[in-house]
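Shown next, in structure tokens, is the structure this report addresses.
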Amino acid sequence: MSTGDSIQETTPGSPDLARIADRFVEARGRGASLPDFPGSIPADLVEAYRVQDLAIARWPDRVVGWKVGFIAAERRDSSGDDRLLGPIFSAGLLDATGGNVAFPVFSGGFAAVEAEYVLRLQADAPIGKTDWTTKEAAGVPATLHIGVEIASSPLATINLLGPRVVVSDFGNNNGLILGPEIPGWLAIPETELTCHTFIEERLVGSGGATTLPGGLRTAFAFALSRSAKRGRPLKAGDLIATGNATGIHDIAVGQSARISFSGFGDITCRARAARPVDANDAGNEHP
Ligand SMILES: C=C/C=C(\O)C(=O)O
């Protein structure tokens, strides 16, 4: 396995980008793993988002939201982005109601759960506005929910290889488990939004909304800005998973997780192996 530093990079406009998208989509469609990054790693995040856009166009489902992930300072490129986006598809949106939700992860690939605070837009973002401050984002009407990101990719080394690779494969996302709304969230200080993650009932991480650098609204501002710059302005109903609030917690097929949001409920879930997607069925991946 090569590392991100030693892999040859693509030149802008390289036809390799379409091939990378094809290989990830094909592996995801089979519920299979990939031994290596399928090609040369995109030269920057702009190219990586091109791969992601090509893959979204090939995937037989519609986008219902976006995961936001954090990019460590030493891994940023000339874009200066401190976060990244990955699509959440309709069939990957699972309802936490009833508990013990079975969620799909790629056996032999990467699999983790992340505690998430999830915004649901109540209005379209204005067309043409591509730069958002945290304060401006706070003015976009949205409800807040508890949730769990299913972080999974056919490529086991995705996070080690870095953000250009993460962006190339749907942001290392394979769905979102959506829990209940946090009523009146605008009046709740972010310091009071805390949570704990347990795998097999062992505590693996604690944190909350303030674990996210700049808090929930800074993650929201990034999602608004980057989506608009990509020509995908956010719309009413879109879900934004704002980023891991307790860490990125590896999980294996068959293991259970419980994410406890202090005062707002628990989400319990269990990892299962991803199954092949039926391209004729828009709902494709079913729990
Ligand atoms: C590379 C993925 C990172 C996240 O999912 C995160 O920071 O929440």
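The values are calculated or read from the model by the stated rules, or taken from the named source; none is laboratory data. Not measured: the values here are computed from a predicted model. Positions of Cβ are backbone-derived with ideal geometry, glycine not excepted, and every protein chain shown enters the neighbour counts. Heavy atoms of the whole protein, side chains included, go into the accessibility calculation; ligands, DNA and RNA do not. Shrake-Rupley method; radii C 1.70, N 1.55, O 1.52, S 1.80 Å.
Full extension of the chain between LYS235 and THR130 yields a length gain of 36.4 nm, computed as 0.36 nm times the residue separation minus the alpha carbon distance.
For the range 14-278, the gyration tensor built on C-alpha atoms gives an oblate shape. Its axis ratio a/c (a ≥ b ≥ c) is at least 1.5, and a/b is not larger than b/c. Dividing the mean sequence gap of close Cα pairs (under 8 Å, 6+ apart) by how many residues the chain holds gives a relative contact order of 27 percent.
Between THR191 and ALA123, the contour length at 0.36 nm per residue exceeds the Cα-Cα span by 21.8 nm.
Scalar couplings 3J(HN,Hα) for the range 163-173, obtained by applying the Karplus form with A = 6.51, B = -1.76, C = 1.60 to θ = phi - 60°, are x, 5, 7, 4, 5, 4, 10, 6, x, 6, 10 Hz; x denotes Gly and Pro.
With the simple model of a label 7 Å out from the Cα in the direction of the Cβ, ARG30 to SER256 spans 3.4 nm. Report summary: the helix-based calculation at 222 nm, which adds -39500 (n - 2.57) for every DSSP H run with n ≥ 4 and divides by the residues of the chain, gives -6000 deg cm²/dmol. Legend: helices of the chain (whole DSSP H runs) are marked when their alpha-carbon atoms reach 18 angstrom or more along the helix axis and their mean Kyte-Doolittle hydropathy is at least -0.5; marked are 45-58, 216-229. Of the listed residues ASP77, ASP95, the order by accessible area with a 1.4 Å probe, largest first, is ASP95, ASP77. At an R0 of 45 angstrom, the distance between the Cβ atoms of ASP77 and GLU201 translates into a FRET efficiency of 0.70. For PHE106, PHE264, the ranking by accessible surface with the largest value first comes to PHE264, PHE106, using a 1.4 Å probe. Rounded, prolate or oblate for the range 128-287? Axes are the square roots of the Cα gyration tensor eigenvalues, ordered a ≥ b ≥ c, and the cut-off for rounded is a/c under 1.5. It is oblate, given that a/c is not under 1.5 and a/b is not larger than b/c. Tell me, what % of the accessible area of the chain is carbon and sulfur with a 1.4 angstrom probe? That fraction is 53 percent.
Heavy-atom accessible surface of the range 14-278, averaged per residue, reaches 37 Å², computed with a 1.4 Å probe.
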